[in-house]
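Visitor: My questions all concern the structure below.
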Amino acid sequence: PCNIEKRLPKIRGCPKFNHLYLRTSGRSSKPSFHFTTWRSCHMLWLHYDYPGVPPLDFFHRLTRLPGFNAGFQVDEEDDFWQNTESLNDYRKHNKPYFHLRVNDDDRVDITGNPGHRFEYPGMLLSSGYRMWFGNRGLELLGKERLLAFPGAHHSEELENGAIFIQLYENPREYEALENRRRQQEFRDWLDLDQLESTARHQLNRMTEAP
């Protein structure tokens, strides 16, 4: 068995690392978590099967971690198809792709997908089933603006000041037209597409800096 408590001291002692993947033993690869370092931020990815998803309070507590800026909870399969840019993924899974917009380099254009995610300096942003915002996420998007979004199934300010938003009730009904509409409306409400364009230029400058 993977005794995470015994491994955490070693993890904390690492001055820097780009990828960490821990998972349970046995047949299932879940629950598991990945820790990755991108250009501007550190990210923790948690993977659970539906029957084993922790209670909501567990995720609320994660917003208390030092440096927490933003997080989201989505269906893993939906997240994959909202974000893959590979035509080979569609061919391999026998999914139709002739309706997709494809760039000159044969990459799928995912910018029209309401659930696609993008890196903004210091965080990863998306529009999904559940979302949390703290610290720099609140500075960027505004607490009042987040809470004022009229299409949320539920929204609240947590005790630590972080904002929690749930767009729709059932996480498995992500393909329902009403839920897709809410995802897109949330993107539009916060001008996420404009932020994505701004982030692309900022991150390029960070990469080019000596």
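Visitor: From the mean inverse distance of alpha carbon pairs (Kirkwood) and the Cα radius of gyration, derive Rg over Rh for the stretch 30-129.
Guide: Taking Rg over the Kirkwood Rh, I get 1.01.
Visitor: At most 13 other Cβ atoms within 10 Å and a DSSP loop assignment: could you name the GluC sites (Glu not before Pro) in the stretch 103-151 that fit?
Guide: none
Visitor: If you don't mind, another one. Running Debye on the stretch 165-210 with equal point scatterers at the Cα sites and no solvent, what base-10 log of I(q)/I(0) appears at q = 0.27, 0.32, 0.33 Å⁻¹?
Guide: Computed log10 I(q)/I(0) values: -0.91, -1.06, -1.09.
Visitor: Projected area of the stretch 131-194, taken from the Cα convex hull and averaged over every viewing direction, in nm²?
Guide: Over every viewing direction, the Cα hull of the stretch 131-194 projects on average to 4.5 nm².
Visitor: Once phi is turned into θ = phi - 60°, what whole-Hz ³J(HN,Hα) does the Karplus curve with 6.51, -1.76 and 1.60 give for every residue of the stretch 62-67, x standing for Gly and Pro?
Guide: 5, 5, 7, 4, x, x
Visitor: Let me ask something additional. Please work out the average accessible area per residue across the stretch 92-151, using the 1.4 Å probe convention, and give it in Å².
Guide: Computed with neighbouring chains in place, this is 52 Å² per residue.
The values are calculated or read from the model by the stated rules, or taken from the named source; none is laboratory data. This structure is a prediction, so every number in the text was calculated from the model and none was measured. Reconstructed Cβ throughout: ideal geometry from the backbone, glycine too, with neighbour counts over all protein chains shown. Remember, those area values only see protein heavy atoms, side chains included, never the ligands or the DNA or RNA. Shrake-Rupley method; radii C 1.70, N 1.55, O 1.52, S 1.80 Å.
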